Every structure is written in C-alpha cells, then in structure tokens.
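Asker: Structure provided below as structure tokens; questions to follow.
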Amino acid sequence: MSSRILRFFTGESCFSRLLRLALVLFVIAGMAIWSIRAFSNPDRLVLLFFSLRGLRYWIFPITGFIIAVLLAGHYTRDLYELPSLRLGIRYLFSVVFGLGIPSLKIDRDQIDTDSTKINLLERVGGPGYLNILPGYLVLLENPKGPSNVYGAGDHYVSRREWIHAIANLEDQHGYIDSRTATTKDGIEVIVREIRYQYRLWPSRRQGEYVPRSPREPFPYSIQSMRNYIYNRNVTPLGVTSLTTALDLIVDGVITDFVYEHQFDYLTSPQFGIDPREEIRRKFQTQTIKSRFHNLGIELLWVDIGHFDVADEIWQKRVETWSAKWIGQAMLYRNEGEAQRLTAHRQALAEGRADALEDLVHTLNDARLKEIPMDQLRNLVLLYTAQILDEMGDKKKDKSNSSGSLPSPRKT
C-alpha cells in the first residue's frame, strides 16, 4: 500500500500526473461544496455550484491553492537558484502535473537554446525531452551517480536526472604552441607547434572496434564516455579539462624523448636515424595507448612540430660546428700537401738517380784519362750543389711544420 502511495506522488507516468491533477481539482471542488453546505442552503447545492452566484464559495479554495503554488514555487526557485518565481512555478507544474515540460536541442557541443531564455532542463534537470543531433553524446547523472548515456535521437529525461556533460563524437584537434625541455647534454630545446588529432573510442562488436559507416557514422562506447568524463585529475583549481589532460600526455612523450638524447641526435642525426619517427612510434606503444584509453580517447595522429633553441645557444652551436669542419678541412689539406711534397721529392730523387745512373754509364763507357780534369771537377761540383740544395729544403720543411706549408719550388 505504501509503495502505491509513493508511486502516486513520485510517479512520472502520464496516468500518475493525471491522477495528481484530478486530486487537486477534487480537493478544490470538495472545499467549494463544503462551503456551500456550511454557509448556504444545502438544497441549492447544485444550483450554486454551477452558477455565478456560487463563485464566492470558490474564492477560498482557489486562493488556498494559489498560495500553496506560490509558496512551493518560491521554495523551488530558492532551491535551484532560479532568477524568477515564474520559472520555479513552471518547474513545479512540469514535475507534479506534466504541464510545460521543457525540451532541449543538443548541437555543436553546446545546448542550442535562446541566450535570452533559461531552459529548465539545462539549469535544473528533468523532466524534459532531449533532441540530440548526430555526432554528439550526452551523459546524465542522478543523485547516485551516472545514470544514462544517450546518442542521437529523442530521449526523455526523468526528474531525478540532469545533464552532466556533452561530448563531440567528431574528430577533434589539439594544439600545443611550445614546450621547453633539456637534452641529455644540458642544452635547452624548445619544441614548437605540436598538433594532434583524437576522437572518442568507438564501441566494440564481436571483439573488434566498430568502423564508421553511413549507417553508423559515429559509433561510441558508454564506458569510453564515462572515462572521458570521470578519469581526470583533480587539482586545487578544480577538475582538469580534457584538453589539458591530453596536452600533458603528448607533451610528456616528446619531452621525455628529449631528456634521453643529446642535442646532435635531435637536430643533426646520422644516416638511417630519424628521431621524429622514433617519437611517433612511442605514441603507438601499448603504454601510451592505455593512457589515452583511460581518458576514453583514441589518438589518430600527431605532428611533432620542430625543434628550436635560443639565439645565443644556436650561435655557440654554429661556432662549434664551424670549428669542427674547419679542423677537418685543415687536416685534409695538410694530408694532401704532405702527399704532394712526398711525390715531389720522390720525383726529384728518381731524377737524380737516373742522372747518376747515366753518369755512371757514361764514365764506364768513356775513358777517364781522356776527360779533362777541369770538366771532371765541374761535374763533381754540380752534384755537390744539388745535394746541398736538397739539405736546405729539408731544413725549411722542419721550420714550417708548425705553421703554413711552403709553396713548391720550381726546379
């Protein structure tokens, strides 16, 4: 019996609302009949009940009903912090009698209503009707926690429910302007213009994720929607927004990679090494995917952006690189110059050897007695001068070994 009485006062069916309205009208009419019987002739009850002369007997019950409605409307306005008494009375009538039940249209990730009006379904909660367009998802709560998740279509919201969050099922874009990280060798790197795309995790069917199709353009998962709303960190400033939570994950993967490698590995990698591709592969690991999945999000792609450093650091880096290349160029130049001198001296030695060989053959073929003494003396002096000349070149090479290389002599 008590459950039936409770359903009568709290039920939301059309029959329960009509019964409550009939009960109110019955009470008002009963009070009017009691007034007629108490203050007039009971034999004229029917005549007075349906005539203008009997209106005075309706004043007190109707006045009492109006006062009760005003008091209840004032209490409702104060309870839900509504700006006017009219809204409090309207909500009261929609809950008790089902009159003036509000409706709400969900579009473009916001509640599509006139900005000059207040929608009770948005401000207070049910009862009401939701018109959700394709591409959007609405999470409802009740006093015990999350109650329902509704996709596209028309849905009824009970008086114990209210709209907690709205999610967009379309592909969303994220953007991080810049982040600063320090490399393994202590150089501060600025990662600029990081972009990524994400969406809500789709539902599963037979163990596989449901792809998008013309019949089901926006598949969704109820659990992903709950993760999307409830699996966020709480800070002293409140619940962390989804954008902030996703930025922290993307930023963490990139900055951790920067911390683990040196500056040259990021900005001037060797052949066959692609640090940007390594970062992308990190986003495909199961650990990072699970972090996104805990937020109900599927990462579609990510653009790493580009690496940058401060101007003074870049200038020092250019000087270091230039010193390295200048040193290598000087080494190659000195090696070439040394090879040239070696070849030059080898050619001179081979020439002298040929000349001495010719001289020996000539002396062997000629008779020494027939050569005049002065010619023989001049020949010996000539080769002595060449030997002294060669010794002088060696001394000059030793003196120039710490400085610039000598220019080749003409012979």
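The values are calculated or read from the model by the stated rules, or taken from the named source; none is laboratory data. Not measured: the values here are computed from a predicted model. When we count neighbours, we look across all protein chains shown, and the Cβ atoms used for this are built from the backbone with ideal geometry, even at glycine.
Asker: Can we say Val149 is in contact with a Leu (Cβ under 8 Å, 6 or more places away or on another chain) and in the same structural domain as Ser241 (by TED's automatic domain parsing)?
Answerer: Values: in contact with a Leu (Cβ under 8 Å, 6 or more places away or on another chain): yes; in the same structural domain as Ser241 (by TED's automatic domain parsing): no.
The answer is no for Val149.
Asker: In region 10-30, which residues are of a type in the set (Ser, Thr, Tyr) and surrounded by 13 or more Cβ atoms within 10 Å (Cβ to Cβ)? Before you say what the answer is, go through the steps one by one.
Answerer: Taking region 10-30 as the starting set, the residues that turn out to be of a type in the set (Ser, Thr, Tyr) are 10, 13, 16.
Within region 10-30, just Ser16 meets the criteria.
Asker: Continuing with this model, one more query. State whether one or more residues within region 293-308 are under 13 Å from the mean Cα position of the chain (by Cα), over 27 Å from Leu139 (Cβ atoms) and of a type in the set (Asp, Glu).
Answerer: Looking for residues that are under 13 Å from the mean Cα position of the chain (by Cα), over 27 Å from Leu139 (Cβ atoms) and of a type in the set (Asp, Glu), one finds at least one in region 293-308, hence yes.
Asker: Between Glu208, Glu161, Glu141, which is out of contact with any Cys (no Cβ under 6 Å at 6 or more places or on another chain), at pLDDT below 90 and either of a type in the set (Asp, Glu) or not assigned by TED's automatic domain parsing to the domain that holds Phe263 (or both)? Spell out how you get there, then give the answer.
Answerer: Working: Glu161 fails: at pLDDT below 90; Glu141 fails: at pLDDT below 90.
When all the criteria are applied, what remains is Glu208.
Asker: Looking at the structure I just gave you, is Phe271 surrounded by 10 or more Cβ atoms within 10 Å (Cβ to Cβ), in the same structural domain as Ile190 (by TED's automatic domain parsing) and over 16 Å from the mean Cα position of the chain (by Cα)? Give the derivation first.
Answerer: Numbers: surrounded by 10 or more Cβ atoms within 10 Å (Cβ to Cβ): no; in the same structural domain as Ile190 (by TED's automatic domain parsing): yes; over 16 Å from the mean Cα position of the chain (by Cα): yes.
The answer is no for Phe271.
Asker: Could you check how many residues of region 295-312 are surrounded by 14 or more Cβ atoms within 10 Å (Cβ to Cβ) and either at pLDDT below 85 or aliphatic (A, V, I, L, M) (or both)?
Answerer: Restricting attention to region 295-312, the residues satisfying the condition of being surrounded by 14 or more Cβ atoms within 10 Å (Cβ to Cβ) are 295-299, 302, 304-305, 307-309.
The next check asks that each one be either at pLDDT below 85 or aliphatic (A, V, I, L, M) (or both); those that pass are 295, 297, 299, 302, 304-305, 307-309.
Matching residues across region 295-312 total 9.
Asker: Every residue in region 28-43 that is hydrophobic (A, V, I, L, M, F, W, C) and modelled with pLDDT under 75, please. Explain how you work it out, then say what you get.
Answerer: Narrowing region 28-43 to residues hydrophobic (A, V, I, L, M, F, W, C): 28-29, 31-34, 36, 38-39.
Within region 28-43, Ile36, Ala38, Phe39 meet the criteria.
Asker: Tell me which of these Pro143 doesn't satisfy, since it passes every other one: (1) in contact with a strand residue (DSSP E or B) (Cβ under 8 Å, 6 or more places away or on another chain); (2) over 21 Å from Gly296 (Cβ atoms).
Answerer: For Pro143, the exception is condition (1).
Asker: While we're looking at this one, here's another question. If you go through region 229-248 one residue at a time, do you hit one that is at positive phi and exposed (fewer than 13 other Cβ atoms within 10 Å of the Cβ)? Spell out the reasoning first.
Answerer: Residues of region 229-248 that are at positive phi, as a first pass: 238.
Remaining after also requiring exposed (fewer than 13 other Cβ atoms within 10 Å of the Cβ): 238.
For region 229-248, residues at positive phi and exposed (fewer than 13 other Cβ atoms within 10 Å of the Cβ): present.
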